[in-house]
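Student: Before we start, here is the structure in question, set down as structure tokens.
Bear in mind that the values in this text are calculations on the coordinates, not laboratory data. Owing to the predicted nature of the structure, the values given are computational and were not obtained by experimental measurement. Positions of Cβ are generated from backbone atoms using ideal geometry, with glycine treated the same way; all protein chains shown enter the neighbour counts.
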């Protein structure tokens, strides 16, 4: 009888140890996953996670001959914010950019921070949605967004936005080519803004092409 009770007690003790070890491993796996795939500052997917999802969406689009829509965004004025208010204010600006994107798009869309103040949104099989419409949605939503920094000062959230849409291997030869095209579209926009900003206020002009969207400043 005594030996039997000892055996039951031993088994119960071992079961508790095993459960504790399983919980520890689950916690460690979650920590490693977060470190590998989630941006530490903003809490949204990082570049590694984006590249994996982009590759999956690319293969699916190629197989089904359906388009992908890729939006590339860059925060404007981050250096000035860091210089004037400190890097903690700059970090807050980046976090608010991420929060803004996370709230704007659908759950099937994939938003990620790929470095610094650069963000992307991948929209698999966007249907009839044009690159111009995706950009317009972002710009309209940005119109009343502010970030509160040190001393109660508020700074308008500003982003340069470029977008491309196309069918994998038909309009773009690789995911890298599509990302480069979206990046180039955004930088054309940013360059135009810098040239016009002294004479014109920020406005929007949309010209839809097969692969991208241009937006620049217009007269008052």
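Student: If you project the alpha carbons of the range 57-102 onto the principal axes, what extent comes out on each, in Å, largest first?
Tutor: 50, 16, 13
Student: Another question, then. Please give the length that would be gained between residue 83 and residue 129 if that part of the chain were fully extended, namely 0.36 nm times their separation in residues minus their C-alpha to C-alpha distance (nm, one decimal).
Tutor: That works out to 12.7 nm of additional length.
Student: Based on the mean of other beta carbon atoms within 10 Å per residue, what is the order of 79-91, 124-136, most packed first?
Tutor: 124-136, 79-91
Student: Right, something else. What distance in nm separates the simple spin-label points at residue 176 and residue 15, each placed 7 Å from Cα in the Cβ direction?
Tutor: 5.5
Student: Let me ask something else. For the range 43-88 and the range 107-122, what is the separation of their C-alpha centers, rounded to whole Å?
Tutor: After rounding, the separation between the Cα centres reads 3 Å.
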